[in-house]
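S.K.: So that we are looking at the same thing, I have put the structure below in structure tokens.
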Amino acid sequence: MSATTLSPSRDGDAMAGLVPGRRFDRFWLYILLVPPLLIFPNMGASILWQDEAETALLARRIAQYGYPLADDGRPPTDPMGRSVYAVTDQKDFVDLNEDGIWIWTSWLGNYVAAASFLVFDRLGLPQSTLAARLPFALVGWAVFAVMYAGLRDVTGDRRLARLAVVLLSVSVPYLLFTRQCRNYTLLALFTFLQTWGYIRLLRGRQRGLMMFVVGGVGSYYAFFVQMVGATAGMGLHLLLRHPRWRLIARFVAGCVLIALFTLPFFVYTRSWDRDYDGSGFPAENVWRFAASLRAYVLQIQLYAWPFALLVPLILWKWAVGGGLRRRGAAAAGTAGVAALLWSMVRGAGPVSFSVFLGLVGVVGLAALVRMAATPGRFAPSGESGERPNWLYAVGMMAAFAVLTIASLANYPFFRYLVGLAPWFAAITALCLLHLAADKRWLLAPAVVVLAATEFVQYAPVFAARQAVLEPQRLALAVKLGTEARPNHDLAYYRLNEFGHLQTNGNVWTILYKDARGGRIEGFPEIEFPLYEYIYELTHDYDGPIEAVVAYLNEHAQPGDTVVTVYEHFPLKFYTTLPVFRPWETYTRLWDLPDWIVRQHQGYPGGLHPRVREERYEMIEDLPGDPRLLQWDNIPEPMYHQFRTLTDRDELKLWRLKDQYKAHPATRQIPSTLTLP
């Protein structure tokens, strides 16, 4: 029986080896022993970064009040009546409702972190970084067990299930997100559970509908955008491959149950309105959507499923020994992958975007036609002769999830795809098993290369970048002048402004690794992520905000106000001070703040440099010599720092001079020296 057939497991129950009286499956020892070694060490060494600290702050409020009361009215209050200690991130407080309750993101992760805080409180332990991250790491560990059981059940192939778990367990992009106080591992768990339940529902197996509903509700409260897209993909797959009234009725019943448990929260939190910082949505413009989807496809290649190398290899393996038609098909498929790479690395523009959308559309249409044209699709319900293909179901689910995320996510971060990581690992495992089917000795070295290096993932992209984008960049640099770095930046704007600058900028950052610091000398392009990750597990990472927290906790006075460009939530979590964003300096604070942090670009404090020069003194003795870093330390693979940075400009911290701090009249912000 084929490994890609959706049929009962040929090696017995998926939980065989855990049931008394059955032969023990020793692979469970791998799941029990190996992932924890790569998830838990040194987990509390670095402080929470911005998004994690948001979850932890709301968890504290839940532990105190029972619900995420972001603004509890604690004095002092600002001129608008909001507490200066309110947990808020958006202008005009759109992330809170009229009662001060948090409505910007779902509450599931907040309650999970709050439960951990309460347990630590009962044990007499502090609400620490470790307490915040631990429950999500435990869920990340549990994903491997659920994934193994599910893949054995879904594919009927123990080797595929084992290989997929191994690949995910050494996937640095996934491991980074398991160590975060955020919904990422919950999303991976519930997405896998919903898809597994859907496939069991198709096969008429027990608990399929229940798993589909529980997984759907859970993934909604982790990240509802992905749940909507994934469920839509499953629905279309059902209509194309298995349009039987009984199955359709059960699927619709499951969707209704999911809606009953989620729609009230959707309405209460006004989840249809999520325009972060007024940046709009990719779905509003076809070129911005193309930019967003392009960024996500590139990240799938680099961090989830390296299709650019695996697909051509599979095509040519299939064509060897075949006729001219097969070789022609393999050549056409390889050319298609090459054209897709060309469109993803070329400077943003209508030509590259049109080619990209055209290729994606052709592949998608071909897949739909293939699924709809499969013989036997109208076989009577319960007929054993038809076995739906699990790869079609997973592929349709993942494709619609990616399309939905690319349409609605403000910026194309990989975090939104983490829920699909277990299924991408399964697809990668299927590709490797196919390539090594007649040469099994190739499998082990292939896994080592895939896990220990980024050669398979990055080499095709690097080659395409050097052949396509680099000549464009160099040609622009010649036109713009002679100095290398300024011209690199100018070329960046010229080659990325079409469609959406920030989205295309993410692609540029990935291609040139502009955000990576502390690379291994001698290997400027191909890196060794697993080695770097293990280095991080065994060494403390000292981030810039950690230095600011240490200094403020030692030198700031109670009630001192702090203004920072970003990373305000960690400062709120680790200190007891009111912390504001720059625009809040002249909307909520009104007076000059006591401390100003410049942790990346922008005018700190929203103040003209002349005000800082006259009324502030720069702190010269910050611990650890911290450097400028926009996010400290974000798990996004393109931005994550495995080592303490030493090659950036210094972070700057200013303190209001005593003569201005002592007299209220001198603390007023000069109206002519504020920034609009």
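S.K.: Restricting things to Cα coordinates, could you compute the convex hull volume per residue of segment 172-295 in Å³?
M.R.: 153 Å³
S.K.: Using the Cα centre as the reference, give the magnitude of the dipole from point charges on the C-beta atoms of the chain (Lys, Arg: +1; Asp, Glu: -1; all else neutral), rounded to the nearest 20 debye.
M.R.: It works out to roughly 3260 debye.
S.K.: Sorted by accessible area with a 1.4 angstrom probe, largest first, how do Lys439, Lys657, Lys572 fall?
M.R.: From most accessible down to least: Lys439, Lys657, Lys572.
S.K.: In segment 413-430, which residues have a backbone nitrogen under 15 Å from the label point lying 7 Å from Arg370's Cα in the Cα-to-Cβ direction?
M.R.: 427-428, 430
S.K.: Taking the Cβ of Gln127 as the center, what net charge do the other residues with Cβ under 14 Å away carry, scoring Lys and Arg +1 and Asp and Glu -1?
M.R.: +3
S.K.: Rank Phe223, Trp102, Val154 by how far each Cα sits towards the positive end of the charge dipole of the chain (+1 on Lys, Arg Cβ; -1 on Asp, Glu Cβ) and give me just the farthest.
M.R.: Value: Val154.
S.K.: Within segment 160-187, find all residues whose amide N lies under 20 Å from a label point positioned 7 Å from the Cα of Phe455 along Cα-to-beta-carbon.
M.R.: 167-168, 170-173, by backbone N distance to the label point.
S.K.: Could I ask something else about it? What nm distance separates the two modelled labels at Leu474 and Asp275, each placed 7 Å from Cα along Cα→Cβ?
M.R.: Placing both labels 7 Å along Cα→Cβ, they lie 4.4 nm apart.
S.K.: Next question, about the same structure. For the chain, what is the calculated [θ] at 222 nm in deg cm²/dmol (nearest 500), taking -39500 (n - 2.57) for each run of four or more DSSP H residues and dividing by its residue count?
M.R.: -18000 deg cm²/dmol
S.K.: Need the full-extension length gain, Ala467 to Thr646, defined as separation in residues times 0.36 nm minus the C-alpha distance. One decimal, nm.
M.R.: In short, 61.3 nm is gained.
S.K.: Shifting gears a bit: Amide H of Val563 versus every other amide H placed in the peptide plane: which residues, excluding those fewer than 5 positions away on the same chain, fall under 5 Å?
M.R.: Phe580, Trp595, Ile596, Val597
S.K.: So, one more: Report the extension gain between Trp441 and Asp99 in nm, rounded to one decimal, defined as 0.36 nm multiplied by the number of residues separating them, less their alpha carbon distance.
M.R.: That works out to 116.8 nm of additional length.
S.K.: Same structure, new question: Taking amide H positions as placed 1.01 Å from N in the peptide plane, with prolines and chain starts having none, which residues 5 or more places from Glu650, or on another chain, fall under 5 Å of its amide H?
M.R.: Leu628
S.K.: Of Tyr296, Ile248, Ile258, which is farthest along the charge dipole of segment 220-299 in the positive direction, counting Lys and Arg as +1 and Asp and Glu as -1 at C-beta?
M.R.: Ile248
S.K.: Please list Arg494, Arg250 in order of solvent-accessible area, largest first, computed with a 1.4 Å probe with all protein chains present.
M.R.: Arg494, Arg250
S.K.: Using only Cα atoms, what Kirkwood radius does the chain have, in angstroms?
M.R.: This gives a value of 26.9 Å.
S.K.: With the Cα gyration tensor of segment 66-141 giving a ≥ b ≥ c as the square roots of its eigenvalues, does the rule (a/c under 1.5 for rounded; else a/b larger than b/c for prolate; else oblate) give rounded, prolate or oblate?
M.R.: Taking the square roots of the gyration eigenvalues as a ≥ b ≥ c, segment 66-141 is prolate.
S.K.: Have a look at Phe24, Phe642, His568 and report the one farthest towards the positive end of the charge dipole of the chain, computed about the Cα centre with Cβ charges (Lys/Arg +1, Asp/Glu -1).
M.R.: Result: Phe24, furthest along the dipole toward the positive end.
S.K.: When ligands, DNA and RNA are left out and all protein chains stay put, how many square angstrom of accessible area per residue does the chain have with a 1.4 Å probe?
M.R.: Working: 28220 Å² over 676 residues.
Spelled out: the 1.4 Å probe surface of the chain, per residue, equals 42 Å².
S.K.: Another question, then. Considering only the chain, what is the antiparallel percent among its DSSP beta bridges, to the nearest 5?
M.R.: Around 75 percent of the beta bridges assigned by DSSP in the chain are antiparallel ones.
S.K.: Same structure, new question: Let me check against my output: what whole-number percent is the relative contact order of the chain, with C-alpha pairs under 8 Å and at least 6 apart?
M.R.: Worked out over the chain, it gives 17 percent.
S.K.: Once fully extended, how much extra length lies between Met80 and Leu37, figured as 0.36 nm per residue of separation less the alpha-carbon to alpha-carbon distance? Intermediate values should be presented prior to the final figure.
M.R.: On the way: separation 43, 0.36 × 43 = 15.48 nm, distance 4.92 nm.
The Met80-Leu37 span can extend by a further 10.6 nm.
S.K.: Please calculate the 1.4 Å probe accessible area of Val478, with all protein chains present, and give it to the nearest 10 Å².
M.R.: So the heavy atoms of Val478 present about 120 Å² to solvent.
S.K.: Would you mind checking the tilt of helix 470-480 against the longest principal axis of the Cα atoms of the chain, expressed as 0 to 90 degrees and rounded to 10?
M.R.: 30 degrees
S.K.: Quick check: with the 1.4 Å probe, what order do Ser46, Ser352 take by accessible area, largest first?
M.R.: Greatest to least solvent exposure: Ser46, Ser352.
S.K.: Taking only the Cα atoms of segment 102-204, how large is their convex hull per residue, in Å³? Don't skip to the answer; put the middle values down first.
M.R.: Details: hull volume 12.9 nm³, N = 103.
Residue-normalised Cα hull volume stands at 126 Å³.
The values are calculated or read from the model by the stated rules, or taken from the named source; none is laboratory data. These numbers come from a predicted model, not from an experiment. Positions of Cβ are backbone-derived with ideal geometry, glycine not excepted, and every protein chain shown enters the neighbour counts. Accessible surface is based on the protein model in full, side chains and every heavy atom, while ligands, DNA and RNA are left aside. Shrake-Rupley method; radii C 1.70, N 1.55, O 1.52, S 1.80 Å.
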